[in-house]
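Heads up: the structure comes next, in structure tokens.
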Amino acid sequence: MAKLYFRYGAMNCGKTALLLQSVHNYEDRGKKVLVMKPIIDTKGNNKVVSRIGLERDVDHLIDKEEKLYDYIVSHDEDISCIFVDEAQFLKRDQVDDLLHVTVTEDIPVICFGLRTDFASKGFEGSTRLLELAHSIEEMKTICRCGKKATFNARMVDGEFVFDGDQVAIDGEKQVTYDSLCPKCYFEEKEKYFNKEKSKVLLKQRKNQF
Ligand SMILES: [Zn+2]
């Protein structure tokens, strides 16, 4: 029986590289695959792009409201495997649909994504995948201190930031992410909130005079 797989890990753990390697293995044997990703991710637009330079066009960009089961069963080609990159951005119903596909269509579905956001909260798609997937595997990467990184810290113009929206909108400022271990993450978080607190105190003091 086909399975629903969830491969999760912090940023830079090689999720997309593994996805592309797996796609290659199927295609090398003449098998047809379907590579998809949610439309919310603007990085690379209609491509899946790994940090080590590998890339491939996606076969399908998933719309926020899209009924994935209907889309997949309406495909007339014989698909051997379905790959989803940035699966954290899937909606709950879409993950349910992917499970449905594995069970009724007998097509394996392999999802790659982050478990939590920069504020250490679960993404909708990942949370549902952790609930439903037949197989869950963590991909590892290391923190700047050498320990295992499990958190995705957000940096805005090179400074750690711990409040804001779950999905950073591309603006004038440069938003990047750094994979940290819990200890380094909480150290940076404390530093950030202490800094914010002293900004507020300074403002109050200025207003007094
Ligand atoms: Zn660390």
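Return yes or no: is residue 126 assigned by TED's automatic domain parsing to the domain that holds residue 4, at negative phi and surrounded by 19 or more Cβ atoms within 10 Å (Cβ to Cβ)?
yes
Looking at segment 37-58 only, could you name the residues that are under 20 Å from residue 91 (Cβ atoms) and modelled with pLDDT of 85 or more? If you could, list the steps in order and put the result at the bottom.
Looking only at segment 37-58, we keep the residues that are under 20 Å from residue 91 (Cβ atoms), and these are 37-43, 46, 48, 58.
Of everything in segment 37-58, those that are under 20 Å from residue 91 (Cβ atoms) and modelled with pLDDT of 85 or more turn out to be 37, 38, 39, 46, 48, 58.
Quick check, is residue 160 surrounded by fewer than 21 Cβ atoms within 10 Å (Cβ to Cβ), among the hydrophobic types (A, V, I, L, M, F, W, C), outside the structural domain of residue 34 (by TED's automatic domain parsing) and more than 19 Å from residue 38 (Cβ to Cβ)?
Values: surrounded by fewer than 21 Cβ atoms within 10 Å (Cβ to Cβ): yes; among the hydrophobic types (A, V, I, L, M, F, W, C): yes; outside the structural domain of residue 34 (by TED's automatic domain parsing): yes; more than 19 Å from residue 38 (Cβ to Cβ): yes.
Yes.
If I ask for residues that are among the small types (Gly, Ala, Ser) and more than 16 Å from the ligand (Cβ to nearest atom), which ones from segment 135-175 would you list?
Of everything in segment 135-175, those that are among the small types (Gly, Ala, Ser) and more than 16 Å from the ligand (Cβ to nearest atom) turn out to be 135, 158, 164, 168, 171.
The values are calculated or read from the model by the stated rules, or taken from the named source; none is laboratory data. Model, not experiment: these values are computed from the prediction. Positions of Cβ are backbone-derived with ideal geometry, glycine not excepted, and every protein chain shown enters the neighbour counts.
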